[in-house]
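A short worksheet on the structure shown next.
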Amino acid sequence: MSDSPTSTAERPEGADAAERTAAIVLWVIVSAGLLYGVGETIARVTQLFD
């Protein structure tokens, strides 16, 4: 994993893999945030009825 510009030019599939990995990581972070928000909302709603 070098930061030289020639490494990305020689291996475009590495760039594709990096983009795919970044997209997956972003999707996981967004999904986790949404799940956390839903969980917090459910927790607050259940507290209202206690």
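To the nearest 10 square angstrom, how much accessible area does residue 21 have with a 1.4 angstrom probe?
80 Å²
Residue-wise, which Karplus ³J(HN,Hα) couplings in Hz belong to the stretch 41-50, taking 6.51 cos²θ - 1.76 cosθ + 1.60, θ = phi - 60°, and x for glycine or proline?
Along the stretch 41-50, the couplings run 5, 4, 5, 5, 5, 5, 5, 5, 8, 7 Hz.
Which value, in Å² and to the nearest 10, is the accessible area of residue 42 when all protein chains are kept and the probe is 1.4 Å?
The value for residue 42 is about 100 Å².
The values are calculated or read from the model by the stated rules, or taken from the named source; none is laboratory data. Because the structure is a prediction, the values reported are computed rather than measured. Ligands, DNA and RNA are stripped out before the accessible areas are found, and what is left, the full protein with its side chains, is counted by its heavy atoms. Shrake-Rupley method; radii C 1.70, N 1.55, O 1.52, S 1.80 Å.
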